[in-house]
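Here's the structure we're looking at; comments come further down.
The values are calculated or read from the model by the stated rules, or taken from the named source; none is laboratory data. This structure is a prediction, so every number in the text was calculated from the model and none was measured. In this analysis, Cβ positions are derived from the backbone assuming ideal geometry, glycine residues included, and neighbour counts consider all displayed protein chains.
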Amino acid sequence: MNIAIVGTGYVGLVSGTCFAEMGVDVTCVDTDFKKIDQLCKGIIPIYEPGLEDMVQRNMKADRLHFTTSLTDILDTVQVVFSAVGTPPDADGSADLTYVLEVARTIGQNMQQYVLLVTKSTVPVGTATLVRNAIQAELDKRGVTIDFDVASNPEFLKEGDAIKDFMSPDRVVVGVESEKAMDLITRLYRPFLLNNFRVIFMDILSAEMTKYAANAMLATRISFMNDMANLCELVGADVNMVRKGIGSDQRIGGKFLYAGCGYGGSCFPKDVKALIHTAEQNGYELRVLKAVEEVNAYQKQVLFKKLLKHLDGDLSNKTICIWGLSFKPNTDDIREAPALVLIEKLLEAGCQVRAFDPVSIPDTREYFKTQRSSLDTSRMYFAHDIYDAVLDADALLLVTEWKEFRMPSWGVVKKTMKGSLIIDGRNIYDKKEMKEMGFVYEAIG
Ligand SMILES: NC(=O)c1ccc[n+]([C@@H]2O[C@H](COP(=O)([O-])OP(=O)(O)OC[C@H]3O[C@@H](n4cnc5c(N)ncnc54)[C@H](O)[C@@H]3O)[C@@H](O)[C@H]2O)c1
């Protein structure tokens, strides 16, 4: 089968490459000329483990192609997946500009049946807007051509994206016709040969499922962060509490880790968008508002702990940050807790020494373009973890990349000026750290 994937970001590029890996002929489309130019040379614009090899292999096998023009290839494909961005608008709602642009392009140019599948995370009811946008263009042209729309929200996780796409827990699909259902079934069957877990439903429910899933995950994180803060006050250990409750099968052990707040391109914007959808429908999602409030507070917690240990005066202190991306194994820094922390440190007059295995270029660009009023001359991007701790009064672990898990603590101790370690992801052993002479504090 020939398909197109529009939008070659984290979702589009991974989905397109994985479909190609299964033998589908895939053309990935993006309006970003630079991105497509790089991809045509086999250079991938994002960091996602295993992706580059897979892209190059499928390009070589002539199953994966790249273009900036959906119009040029529209007649060669039966199915178009739309995986363009849906960034938050000023009021928190999802911006559907790109989603509707794709629909209009299809309506303006299609000559034969197309199934347009929305993979982007979009508010409930978007499929109707997409269908209407295509139909309006067909009406303008005065032609009648059969088409379908469907919703296939994506659940992959950055950092594990290939594994998640190749062996999904489930695939959720909202459809309105037998023909759409058959096409989707054919496309996904190879991924789920042993246990076909495509859950077909109506489109509104499929759109809602994606938001409900992210809202639930964000809620678990904020719940545990709230518990962690209370554990600190009453002298309990949140790690033991996590084990204690996670072993209850009704609760389960995943996504129960306390930390320094959730970030990324999905949870913050999707929680906001769902709150907005509820408001538009005259309903208040009280739990999710609290989830957001707890998360905003949690992103300040490392800074507060630092202030407490350094007697409220951070001016001219040198602070080391390990980890900039919002989680390990990705270069994505969107809404990352490290950005909030660095901003506060710079405002407080600190020297910041930061290291991350892959996210330094994007972080440098972020502060240059989006935080240009800050004095970034006091921010230094280190070559490695030991360079980052040089003369540091404190080390703050923000993202739990593997290479931060077992550093040579002897070298760290000798290289730092102070001995304070604040562990924002609870990855170090409290007893061991104290035995090595560090002042150690974690979350909860
Ligand atoms: N990143 C994730 O982990 C993840 C997971 C599940 C769902 N999602 C959802 O998937 C969608 C895409 O997310 P992403 O992180 O891949 O976004 P991204 O910002 O990395 O990529 C979006 C791409 O779409 C391109 N684009 C925009 N308008 C276009 C157009 N008219 N034609 C062609 N290309 C166009 C952009 O140039 C960009 O390359 C969002 O709705 C997001 O919420 C993301």
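Observations on the model:
- A single member of ILE5, ILE43 is at pLDDT below 95 and hydrophobic (A, V, I, L, M, F, W, C), and it is ILE43.
- Hits in the stretch 99-122 - residues which are buried (at least 20 other Cβ atoms within 10 Å of the Cβ) and either more than 10 Å from the ligand (Cβ to nearest atom) or of a type in the set (A, V, I, L, M, F, W, C) (or both): VAL99, VAL102, ALA103, ILE106, GLY107, MET110, VAL114, LEU115, LEU116, VAL117, VAL122
- Any chance LEU341 is part of a loop (DSSP other than H, G, I, E, B), under 22 Å from the mean Cα position of the chain (by Cα) and surrounded by 24 or more Cβ atoms within 10 Å (Cβ to Cβ): no
- Scope the stretch 81-98; condition aliphatic (A, V, I, L, M), at pLDDT 95 or above and near the ligand (Cβ under 8 Å from one of its atoms); matching residues: ALA83, VAL84
- Sole exception among (1) exposed (fewer than 15 other Cβ atoms within 10 Å of the Cβ); (2) modelled with pLDDT of 95 or more for LEU256, by number: (1)
- So ILE145, is it buried (at least 22 other Cβ atoms within 10 Å of the Cβ) and under 21 Å from ASP182 (Cβ atoms): no
- Flag if ILE221 is surrounded by 13 or more Cβ atoms within 10 Å (Cβ to Cβ), outside the structural domain of ASP91 (by TED's automatic domain parsing), farther than 19 Å from PRO337 by Cβ and within 16 Å of the ligand (Cβ to nearest atom): no
- The condition (being surrounded by 18 or more Cβ atoms within 10 Å (Cβ to Cβ) and of a type outside the set (Gly, Ala, Ser)) is satisfied by just one residue among THR369, THR376, THR399: THR399.
- Taking each residue of the stretch 127-143 that is among the aliphatic types (A, V, I, L, M) and looking for partners that are in a loop (DSSP other than H, G, I, E, B) with beta-carbon atoms closer than 8 Å, six or more apart or interchain, yields LEU129/LEU96; ILE134/MET110; LEU138/MET110; LEU138/THR144; LEU138/ILE145.
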